[in-house]
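The values are calculated or read from the model by the stated rules, or taken from the named source; none is laboratory data. Only a predicted model underlies this, so the values are computations on that prediction, with no experimental measurement involved. Here the Cβ positions follow ideal geometry from the backbone for every residue, glycine too, while neighbour counts run over all protein chains shown.
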Amino acid sequence: MKKLILILGLVISIVLVMSFVQNDTTDNQEMVAFPDGYRDWTHVKSVVVMESHSLYERFGGMHHIYANEKALASMKDGSTYEKGSVLIFDLRHEVVADSFIYEGSRRSVAVMIKDSVLFPETGGWGFEEFTKDDQRIRIVKDANNQCFSCHKTQKASDYIYSKYRD
Ligand code: HEC
């Protein structure tokens, strides 16, 4: 019996080490899936970035931020986001007409998913941005430079800018 437990233990250890090595060699960003169904999540807020802003080329337009249930819980009580928390930055062109600002066509869907084991170098968050409505076209090649460079300034709130409001 003891021998069996020992062998079992050894097998489990080998499997664990193998999965770790595999994770290490896979492109991390491939692990961030397109967030199907995020329009049913909680809408946190919307912001319009106007043409006069220096970031207009990259992030201009109307964006909506969404949080899944796990992310919302931490946003509300200020705790560290737990594994599986997902936040969405849904970016659309802005259409200005008759003193109204409408949302236009989609520019991209940016995603942050919390998994400290998979993404230790970017604050425990996996970053990805999908172009327009095409879930196959991924923009992020280097999450550290393309995304975390800004988000790391928000360390006090676990790298998330948005705050909860009633
Ligand atoms: C130029 C700085 C900058 C860069 C680069 C950047 N972000 Fe952000 N990000 C922000 C700001 C500022 C907000 C908050 C916007 C608001 O208040 O509505 C934000 C919000 C978000 C949110 C909503 C959660 C939160 O923190 O409020 C997600 C998801 C997100 N960004 C993903 C990404 C991804 C993915 C990338 C890389 C492709 C990226 N960001 C690159 C500045 C940046």
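Some points to look at:
- Tabulated pairs, the range 65-89, first in contact (Cβ under 8 Å) with a residue 40 or more places away in the chain, second assigned to a strand (DSSP E or B) and basic (Lys, Arg), C-beta under 6 angstrom, 6+ apart or interchain: Ile65/Lys45; Tyr81/Lys114
- Counted residues, the range 94-107 - those being surrounded by 17 or more Cβ atoms within 10 Å (Cβ to Cβ) and either at pLDDT below 95 or more than 16 Å from Arg58 (Cβ to Cβ) (or both): 1
- Within the range 112-130, the residues that satisfy the criterion of being surrounded by fewer than 22 Cβ atoms within 10 Å (Cβ to Cβ) and within 18 Å of Gly37 (Cα to Cα) are Glu129, Phe130.
- Residue match in the range 108-125 (condition: closer than 22 Å to His43 by Cα and modelled with pLDDT under 95): no
- In the set (1) near the ligand (Cβ under 6 Å from one of its atoms); (2) in contact (Cβ under 8 Å) with a residue 40 or more places away in the chain; (3) not β-branched (Val, Ile, Thr), the condition left unmet by Ser157 is number (1).
- Boolean, Val111 is part of a strand (DSSP E or B), out of contact with any Lys or Arg (no Cβ under 9 Å at 6 or more places or on another chain) and more than 20 Å from Met31 (Cα to Cα): no
- Residue within the range 59-76 that is in contact with a helix residue (DSSP H, G or I) (Cβ under 9 Å, 6 or more places away or on another chain), small (Gly, Ala, Ser) and surrounded by 13 or more Cβ atoms within 10 Å (Cβ to Cβ) present: yes
- Check on Leu55, among the aliphatic types (A, V, I, L, M), within 14 Å of the ligand (Cβ to nearest atom), surrounded by fewer than 14 Cβ atoms within 10 Å (Cβ to Cβ) and on the phi < 0 side of the Ramachandran plot: yes
- Total residues in the range 119-149, condition within 18 Å of Ser105 (Cβ to Cβ), of a type in the set (A, V, I, L, M, F, W, C) and near the ligand (Cβ under 10 Å from one of its atoms): 2
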